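Trainee: The structure under discussion is supplied below as structure tokens; questions concerning it will follow.
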Amino acid sequence: MYYVEMLRAWRVMRIFLIILGILFVLAIVGRFSGHGRMDVANQYVVPPNARHVVHSVAPDGSRMTSFDGSNGEHVVIRTDPTSDVQSVAVTEPVSGKTRPAEAKIANVSIKQSRHGHLMTTVLRYHRIPLDYALGIAAIFVAIFSSILGLGLSQENDGHLELAWTKPTSRQGYAASLIGVDILAMVALLGITVALIVVILAMYGLAKLIVADAGTLLTLFFAFAYIVSFYALVMAITASLRRASAVALAILWPVVLILPSLTDVKWLNIGAIVRFIDTINPLAYFYSLSSSSSHTLLPPGIGYSIGAMAVVAVVGFVASLAQWRRLEA
Amino acid sequence: MSTISIQNLSKSYGSLAALTHFSANIEQGSVFGLLGPNGAGKTTAFKCMLGLARADTGTVLFDGAPLEPHMFERIGYIPERSVLYDWMTLAEHLEMQRRAFSRYDANRARELLALFSLEPRKRVRSLSKGMRTAAAVVMAFAANPDILILDEPTTGLDPVNQRAVLKLMIDASAQGKTIIFSSHQIGQVERAAETIAILKEGKLLLSGAVDDLKSGWKIVEGIFESDQFSIDGISSDPDVQRIERTGRILRVSVRSDSDGIARRMTELGARDVRTLDLNLEDIFLGAVEARPKEQSLDVLR
């Protein structure tokens, strides 16, 4: 029963693989046309007028370079042996009375000591969490999943007699269709993430990629995001025929714009949008990159995953209910 | 599983009664022809039988049991219009069937492809209407079902392929398979069907064995000198079912006393009066055009 959907998913996936292929070729061209390898080692160049330059190796294997600058600052460059991530610590004397203070902004930390010294540490080359790759891939695959979400409506567009005269129930047929699509989405997600990693590696940034326990949560988020989007499209279009493509063309701009309207106070539009956005998977994606929520739920990846799982389940139930009621 | 019992099947689309209290019993190994003008309810009847449309009332039993999804293993269906996927090749459609039906016969599929000169690598979108019909026939027969429900299975086919489909149906029936089909080609139905039902505007007008329907009925045909002739004593005859007047020719469908009508025609001035056996077309036209004879005559005049 899954054969037709397998062919259909492959037909759509080929287009996305071609897009990925084009991006990969462009990355290769970029790599060999001047931008070159972004080697993270030896990025910080010791100035020519530096004094007391000392190269050493710390007990943990880190390569250390220290020198005094022309303005009286003392600079220590520490290079991690495994990732080549550099931290550059600049300690400079400060005139007048000072009190201990500490601040951290992005990859810069500033520490002021009681003794009139200000140490500024810049972590050069942030690590690249795999989460970023998952996020980018999830957006890409969401487009794919929204097209696959038209599966039931495409069956409804003149093929029900063929679909429903197979020795399987309507629910069984729909379940196999959904199963194939989910496998295709997962495969494309994996391929896209792998390609991003390969491109980063080509540019010599592979060592900076990190994954931790949070990455697993992001993986769940990405999966919930693409599946909920798929289920949402399916629920909206299951009873439609050719109009399903129009519905999808309208849906995309709507889900993209809605989260940006949650702060509109005029006519209480923000509250209404927040309510609608609770079933908008893209709103959870917006929430992922900010500390505020665009839905009725509080911010947090856990809430987002849970909500999207509910959207997916409700979407599938609504789709199946429509599918069962259709007539050829 | 082959005896099909249809009881009191009705289906409406809004205010339109597409099918009204349709009943029929179809025996295993028989060929059942469903006839009717366009919009008679034939396709609706098939769809309700197969659960593709929800009947408002009535039951359909296959060997005494209501239709369940697993029974489609033994039911082949060719819809009235092409439902194939335009973007798939014929080979992919057959692969779909192979995966879906455990009784699928790949050798049979190859034979049938050759019979209809179909190229399996072609995409459906590149096939003509007739070739799509032929492809649907190949798919249905290759699945080796016990029951074949064929809704106008010769649509768009050339006479050679129409004949081939008809032969497939007759051969399948000879092997004990049950065939239910509809067609506008009454000659085909007459050749293949043992029993028929005639529908009009969703209502069953007539049903029974073709031989039984024909027996006792005759056609009396006479040619007059001019097209101005009287039919006194013919139109009032209670045994006359239908009178067809075309120019100088008078054609009368009559039960039992055909000799009496022939004599009366001669008395009225007809020459070349002859008595013929009723054919299925006469039965069909008699049923779907049935109206009071005088009214029928008015229309025919």
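Computed from the coordinates by the stated procedures, all read-outs in this text should not be read as laboratory data. Note that the structure is a prediction, hence the values are computed from the model and not measured. No Cβ is skipped: glycine too gets one built from the backbone with ideal geometry, and neighbour counts run over all protein chains shown.
Trainee: What does the structure give for A:164-174 when I average, per residue, the other chain Cβ atoms found within 10 Å of the residue Cβ? Let's see the in-between values first.
Mentor: On the way: counts 7, 16, 9, 13, 5, 3, 2, 1, 1, 2, 0.
What the average comes to for A:164-174 is 5.
Trainee: For chain B, find the longest principal axis of its Cα atoms and tell me its angle to the long axis of helix B:129-142, 0 to 90°, nearest 10.
Mentor: With rounding to tens, the tilt is 70 degrees.
Trainee: Multiply the residue separation of A:A321 and A:I269 by 0.36 nm, subtract the distance between their alpha-carbon atoms, and state the gained length in nm to one decimal.
Mentor: Numbers: separation 52, 0.36 × 52 = 18.72 nm, distance 3.15 nm.
So the extension gain works out to 15.6 nm.
Trainee: So, with +1 on the Cβ of K and R and -1 on the Cβ of D and E, and no other charges, what is the size of the charge dipole of segment A:51-124 about its Cα centre, to the nearest 20 debye?
Mentor: Numbers: 9 positive and 7 negative charges, 58 e Å.
Value, rounded to 20: 280 debye.
Trainee: With a 10 Å Cβ neighbour count serving as the proxy for reagent exposure, in which order, fewest first, do A:I15, A:I128, A:I226, B:I26 appear?
Mentor: Details: A:I15 11, A:I128 17, A:I226 30, B:I26 23.
Fewest-to-most Cβ neighbours within 10 Å comes out as A:I15, A:I128, B:I26, A:I226.
Trainee: Count the DSSP beta bridges whose two residues both fall in chain B, then state the antiparallel fraction as a percent rounded to the nearest 5.
Mentor: Antiparallel bridges: around 70 percent, rounded to the nearest 5.
Trainee: Semi-axes, largest first, in whole Å: what does sqrt of 5 times each Cα gyration tensor eigenvalue give for segment A:228-328?
Mentor: Listed largest to smallest, the semi-axes of segment A:228-328 are 27, 16, 11 Å.
Trainee: Any idea how far apart A:R14 and A:V246 come out in nm if each label point goes 7 Å out from Cα toward Cβ?
Mentor: 2.9 nm
Trainee: Let me ask another. Under the rule a/c < 1.5 gives rounded, and otherwise a/b versus b/c splits prolate from oblate, where does segment B:1-65 land using the Cα gyration tensor?
Mentor: On the way: a/c = 2.37, a/b = 1.49, b/c = 1.59.
Oblate.
Trainee: For segment B:99-130 and segment A:257-328, what is the separation of their Cα centres, given in Å?
Mentor: 46 Å
Trainee: Could you work out the pair-distance distribution P(r) of chain A from its alpha-carbon pairs, with 20 angstrom bin width and percents rounded to whole numbers?
Mentor: P(r) over chain A, rounded to whole percents: 25, 42, 25, 8, 0.
Trainee: If you build a Gaussian network model of chain A, linking Cα atoms that sit under 10 Å apart, which residue out of A:G61, A:G315, A:G135 swings the most?
Mentor: A:G61
Trainee: Given segment B:4-210, what whole percent of its Cα pairs are spread farther than 23 Å? Before the final figure, lay out each step's value.
Mentor: Details: 9052 of 21321 pairs.
The proportion of pairs with Cα distances above 23 Å equals 42 percent.
Trainee: Show the residues, 5+ positions off or on another chain, whose built amide H is closer than 5 Å to the amide H of B:L206.
Mentor: The answer is B:I198.
Trainee: Another question, if that's okay. List the trypsin sites (Lys or Arg not before Pro) within segment A:108-199 that fall in a DSSP loop (any state other than H, G, I, E or B) and whose Cβ has at most 11 other Cβ atoms within 10 Å.
Mentor: Details: sites: A:K111, A:R114, A:R124, A:R127, A:R170; in loops: A:R114, A:R127.
Taking segment A:108-199 and a limit of 11 other Cβ atoms within 10 Å, the loop trypsin sites (Lys or Arg not before Pro) found are A:R114.
Trainee: Out of B:L276, B:L150, B:A109, whose Cα points farthest toward the positive end of the dipole of chain B (charges: +1 Lys, Arg; -1 Asp, Glu; placed on Cβ)?
Mentor: Comparing the listed Cα positions along the dipole, B:A109 ranks first.
Trainee: Short version: ³J(HN,Hα) in whole Hz for each residue of segment B:265-273, in order, from phi by Karplus 6.51 cos²θ - 1.76 cosθ + 1.60 (θ = phi - 60°), x for Gly and Pro, what are they?
Mentor: Karplus-based 3J(HN,Hα) across segment B:265-273 equals 5, 5, 4, 7, x, 7, 10, 6, 7 Hz.
Trainee: Please report B:H21, B:H70, A:H159 as a ranked list, fewest other C-beta atoms within 10 angstrom at the top and most at the bottom. It would help to have the intermediate numbers written out before the result.
Mentor: Working: B:H21 14, B:H70 10, A:H159 18.
Ordered from fewest to most neighbouring Cβ atoms within 10 Å, B:H21, B:H70, A:H159 come out as B:H70, B:H21, A:H159.
Trainee: Place +1 on the Cβ of every Lys and Arg and -1 on the Cβ of every Asp and Glu in segment A:51-124, take the dipole about the Cα centre, and give the residue among A:L118, A:T91, A:V75 whose Cα lies farthest towards its positive end.
Mentor: A:L118
Trainee: What is the list of residues in segment B:259-276 whose amide nitrogen lies under 12 Å from a point 7 angstrom out from the Cα of B:I223, following Cα to Cβ?
Mentor: It comes to B:271-274, nothing else.
Trainee: Right, here's the next one. Report the label-to-label distance for B:S23 and A:V210 in nanometres (one decimal), using points 7 Å from each Cα along the Cα→Cβ vector.
Mentor: 8.0 nm
Trainee: Which entries in the list A:K104/A:K207; A:K166/B:K177; B:K47/B:K200; A:K166/B:K200; B:K42/B:K203 go over 22 Å, if you measure between the two C-alpha atoms of each? It would help to have the intermediate numbers written out before the result.
Mentor: Details: A:K104/A:K207 24 Å; A:K166/B:K177 19 Å; B:K47/B:K200 17 Å; A:K166/B:K200 30 Å; B:K42/B:K203 10 Å.
A:K104/A:K207; A:K166/B:K200, as the Cα separations exceed 22 Å there.
Trainee: Per-residue counts of other Cβ atoms within 10 Å, averaged by peptide: what ranking do you get for B:198-204, A:86-92, highest first?
Mentor: Working: B:198-204: 21.0, A:86-92: 17.3.
Peptide ranking by packing, descending: B:198-204, A:86-92.
Trainee: I need B:M96, B:M71 ordered by Cβ neighbour count within 10 Å, fewest first.
Mentor: On the way: B:M96 23, B:M71 19.
Arranged by neighbour count, lowest to highest, B:M96, B:M71 become B:M71, B:M96.
Trainee: OK, next. Return the FRET efficiency for the residue pair B:K129, A:V57: r is the Cβ-Cβ distance, R0 is 56 Å, and the value is rounded to the nearest 0.05.
Mentor: Values: r = 81 Å, r/R0 = 1.44.
So, using R0 = 56 Å, E works out to roughly 0.10.
Trainee: Now for a different question. What fraction of the Cα pairs in segment B:216-300, stated in percent, has a spacing above 16 angstrom?
Mentor: Working: 1598 of 3570 pairs.
Of all Cα-Cα distances in segment B:216-300, 45 percent exceed 16 Å.
Trainee: Next question, about the same structure. If you wrap a convex hull around the Cα atoms of the protein assembly as shown, how much volume per residue is inside, in Å³? Please list the in-between numbers first.
Mentor: Details: hull volume 149.3 nm³, N = 629.
Residue-normalised Cα hull volume stands at 237 Å³.
Trainee: Looking at segment B:164-231 from every direction and averaging, what is the projected area of its Cα convex hull in nm²? It would help to have the intermediate numbers written out before the result.
Mentor: Details: hull surface 30.9 nm².
Over every viewing direction, the Cα hull of segment B:164-231 projects on average to 7.7 nm².
Trainee: Also, quick follow-up: Using the beta-carbon distance between B:E119 and B:R274 and R0 = 51 Å, what value does 1/(1 + (r/R0)^6) give for FRET efficiency, to the nearest 0.05? Present the calculation step by step, with values, prior to reporting the outcome.
Mentor: Details: r = 50 Å, r/R0 = 0.98.
It comes out at approximately 0.55.
Trainee: Using 0.36 nm per residue of separation minus the Cα-Cα distance, give me the extension gain between B:E281 and B:R103 in nm, one decimal.
Mentor: Details: separation 178, 0.36 × 178 = 64.08 nm, distance 3.74 nm.
Full-extension gain reported as 60.3 nm.
Trainee: Return the FRET efficiency for the residue pair B:T246, B:L16: r is the Cβ-Cβ distance, R0 is 30 Å, and the value is rounded to the nearest 0.05. Write out the running numbers ahead of the final one.
Mentor: Values: r = 34 Å, r/R0 = 1.12.
Given R0 = 30 Å and the Cβ-Cβ separation, E is 0.35.
Trainee: Which of the helices in chain A meet the span-like rule: DSSP H, Cα axial reach of 24 Å or more, Kyte-Doolittle mean at least 1.0? List each step's numbers first, then the result.
Mentor: Values: long enough: A:3-31 (40 Å, 1.61); A:130-148 (26 Å, 2.08); A:170-202 (48 Å, 1.98); A:213-237 (37 Å, 1.95); A:301-325 (36 Å, 1.20).
Membrane-span-like by this rule: A:3-31, A:130-148, A:170-202, A:213-237, A:301-325.
Trainee: Could you give me the percent of Cα pairs per 10 Å distance bin for segment A:51-124, shortest bin first, beginning at zero and ending with the bin that holds the maximum distance?
Mentor: The distribution over segment A:51-124 is 20, 44, 32, 5, 0, given as percents.
Trainee: At what distance in nm do the modelled label points of B:S236 and A:N49 sit from each other, each positioned 7 Å from its Cα along Cα→Cβ?
Mentor: 13.5 nm
Trainee: Okay, moving on. Along the positive direction of the dipole of segment B:4-210 (beta-carbon charges: Lys, Arg +1; Asp, Glu -1; about the Cα centre), which of B:L127, B:L204, B:T178 reaches farthest?
Mentor: Result: B:L127.
Trainee: Still on this model: Packing-wise, with mean Cβ within 10 Å as the measure, how do A:249-261, B:247-259 rank, highest first? Before the final figure, lay out each step's value.
Mentor: Numbers: A:249-261: 14.4, B:247-259: 17.2.
Put in order of decreasing packing, that is B:247-259, A:249-261.
Trainee: Using a simple charge model, +1 on the beta-carbon of Lys and Arg, -1 on the beta-carbon of Asp and Glu, nothing else, what dipole does chain A show about its Cα centre, in debye to the nearest 20?
Mentor: Working: 24 positive and 18 negative charges, 39 e Å.
Approximately 180 debye in magnitude.
Trainee: Amide H of B:S23: which non-local residues (sequence gap of 5 or more, or other chain) have their own amide H closer than 5 Å, using H built in the peptide plane?
Mentor: Those lying under 5 Å, H to H, from B:S23 are B:N8, B:L9.
Trainee: Using 0.36 nm per residue of separation minus the Cα-Cα distance, give me the extension gain between B:V160 and B:H184 in nm, one decimal. Write down the numbers at each step before the final one.
Mentor: Numbers: separation 24, 0.36 × 24 = 8.64 nm, distance 1.67 nm.
The B:V160-B:H184 span can extend by a further 7.0 nm.
Trainee: Charges only on Cβ, +1 for Lys and Arg, -1 for Asp and Glu: so what's the dipole of segment B:216-300 about the Cα centre, in debye to the nearest 20?
Mentor: Computed about the Cα centre, the dipole is about 40 debye.
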